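Here's the structure we're looking at; comments come further down.
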Amino acid sequence: MKLTAVRNFLNETGDISRFTGRFFAEAFKPRYEFAELLRQAFFVGYKSLPLVAVTAFIMGLVITIQSRPTLVEFGAEAWLPKMVSVSLVREIAPVITALICAGKIGSGIGAELGSMKVTEQIDAMEVSGTNPFKYLVATRVMATTLTIPILAVLADAVSLYGGYLGANIHGVVSWDLYWNQVFDTLAFSDVLPSVIKTFFFGFAIGIIGCYKGYNSNKGTEGVGRSANSAVVVSSLLVFILDLLAVQIIDILRLT
Amino acid sequence: MIPQTNIAPEMDTVLSAPVIQLKNVSKSFGKNHVLKDFNLDLNKGENVVVLGKSGSGKSVLIKCIIGLIKPDSGTISVLGKNIPELNHTELDKIRAKVGFLFQSNALYDSMTVRQNLEFPLRRHRAKMTKSEIDNLIIEALTNVGLAHTVDMQPSELSGGMKKRIALARTLILKPEIILYDEPTTGLDPITGKEISNLMCELAKKYNTSSIIISHDLNCVKIVANRIVMLIDGKCYAQGNFESLKNSTDKQVQQFFQ
């Protein structure tokens, strides 16, 4: 029983690796599907913006409110903007954005491609002279890889604004003082690694959603399972990639 | 040993060299041998129905013909080209001449009827102007009697309408050959008959040759010039509707009772 589970896990890991290899082999060869890439970027980016913004705002606000009492206890209330900005930009905003996108976009891609697969739409596309892998998979993976970093940067900004409001609920921090402290604290080595890791988060969300949907079977039940496992696996991958990113940043002494 | 009940086809159409020729095609999935040295010829202007039980490999057969599934062995010649040996570009050129009507219609849910019909045109005829594309779309929709649905979403259409739109999408490239995968399955008898008549009408209008996978005897009776019975992965018997209906072979009789 345990051996079968291990074998299935290894088989799936191998299949995902092959799927990723196929992406690199096919995505950068003509014919390029620019129109579909833009359409997907619009769906992935623009349509996820409100959800990401609201979540980031709440996270910024909550983290600030909850951190304040501890800092007050040590008489370090003035450090609040510094501490909050580092936590938000380095970790919370990118990871929250990726998790929101894994839930919203990963499940959407898994379900859409899954239902296209079981209703033979992917075969119909191939018969219509279109490489479905290029048209459906390559465009979606590129769209998530390119738009999730933009969403994460926007989430940084919105969560920092939430932090400003949070700091002013019980205390008084002026607009100028807050942002001066934030920008004094944040270094190139805080922002760049956190943006770079979001490209990997985006890629993982796209590739897992597409893999699960593209290999969906067993009818409508399979579609549900594809959408569900797309979210589970891509969320888990986001955390694993985050862990790896921290280790690499640490080794490179960027912290 | 499977009894061979080969009955000569009765054809009204004047025949020339086969447009599709399958020789010793075999395909298996694990231990399930779906096709075993299967042979079939489709002549120009002919409508051949492949009849067989569910899971007997009929859909696999036509997916092998269009190159969606690769056979384990054998040759599949479509318009003179051996499909398993073709690369993607060559396969796309052949696919522009071969229409495929899917069992589930396979209309793109996220696109309107217009965009569904535009899709193969933009892929295969990239140099066409907007007005030429619009004219072809209207012509294809008029042929199936659904010109008014051009800006509707597939989810707004009934089962019969979806089938007609899928047929219009198949016909828009004016293919020489059409492969139908259970065209009347899931439709009521009246709509099924309408679709069968439409298939005959359009075959005459565009001079197409067809392979039709079907269980529906009413459809088979209307469209078939010749029926091929696929049993145990082989061509068990062939002939026209009447000759197979009057066959004394038990396996053949099962389908016509």
Once amide H atoms are built 1.01 Å from N in the peptide plane, which residues 5 or more positions from B:Asn43, or in another chain, come under 5 Å H to H?
-> B:Val19
Listed pairs B:Lys27/B:Lys97; B:Lys174/B:Lys250; A:Lys134/B:Lys127; B:Lys163/B:Lys250; A:Lys212/B:Lys193; A:Lys47/B:Lys97 exceeding 32 Å between Cα atoms | B:Lys174/B:Lys250; B:Lys163/B:Lys250; A:Lys212/B:Lys193; A:Lys47/B:Lys97
Using the alpha-carbon centroid of each, what span in Å lies between region A:150-173 and region A:186-255?
-> 25
Report ³J(HN,Hα) in whole Hz for each residue of region A:180-186, in order, from the Karplus equation J = 6.51 cos²θ - 1.76 cosθ + 1.60 where θ = phi - 60°; Gly and Pro get x.
-> 4, 5, 4, 6, 5, 6, 6
Among B:Leu117, B:Leu217, B:Leu171, the residue with the largest mean-square fluctuation in a Gaussian network model of chain B built from Cα contacts under 10 Å is B:Leu217
Dipole of region A:2-251, positive direction: furthest Cα of A:Phe23, A:Phe57, A:Gly45, with charges on the beta-carbon | A:Phe23
Counting Lys and Arg as +1 and Asp and Glu as -1, each charge on the Cβ, what is the dipole of the protein assembly as shown about the Cα centre in debye, to the nearest 20?
-> 1020
Select from A:Lys29, A:Lys104, A:Lys47 the residue whose mean-square fluctuation is largest in a Gaussian network model of chain A (Cα-Cα springs shorter than 10 Å).
-> A:Lys29
Extended-chain gain in nm, criterion 0.36 nm per residue less alpha-carbon gap, B:Asn207 and B:Val150 = 18.0 nm
Spin-label proximity, A:Phe34 to region B:98-133 - amide N less than 18 Å from point 7 Å beyond Cα toward beta carbon | B:122-123, B:126-128
How far is it, in nm, from the label point at B:Ser158 to the one at A:Thr4 when both lie 7 Å from their Cα along the line to the Cβ?
-> 4.7
Give the calculated FRET efficiency between B:Glu132 and B:Asp188 to the nearest 0.05, with a Förster radius of 30 Å applied to their Cβ-Cβ distance.
-> 0.25
With respect to the cross-link table entries B:Lys162/B:Lys221; A:Lys104/B:Lys31; B:Lys63/B:Lys204, which display a Cα-Cα separation exceeding 30 Å?
-> A:Lys104/B:Lys31
Here the equivalent ellipsoid of region A:2-251, derived from its Cα gyration tensor, has semi-axes (largest first, whole Å) of 39, 18, 16
Only helices counted: for the protein assembly as shown, with every DSSP H run of 4 or more residues adding -39500 (n - 2.57) and the sum spread over all residues, [θ] at 222 nm is -18500 deg cm²/dmol
In chain B, what is the volume of the convex hull around the alpha carbon atoms, normalised per residue and reported in Å³?
-> 133
For chain A, modelled as a GNM with alpha-carbon contacts under 10 angstrom, which of A:Lys82, A:Lys212, A:Lys197 fluctuates the most?
-> A:Lys82
How fast does region A:1-138 diffuse by Stokes-Einstein, in µm²/s, taking the Kirkwood radius from C-alpha pairs at 20 °C and 1.002 mPa s?
-> 113
Point-charge dipole on Cβ atoms (K/R +1, D/E -1) for region A:38-155, about Cα centre, debye to 20 | 180
Once Lys and Arg get +1 and Asp and Glu get -1 on their Cβ, which of B:Cys219, A:Ile207, A:Val172 lies farthest toward the positive end of the dipole of the protein assembly as shown?
-> B:Cys219
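Every number here is computed from the coordinates shown, using simple stated rules; none is lab data. This is a predicted model, so every value here is computed, not measured. No Cβ is skipped: glycine too gets one built from the backbone with ideal geometry, and neighbour counts run over all protein chains shown.
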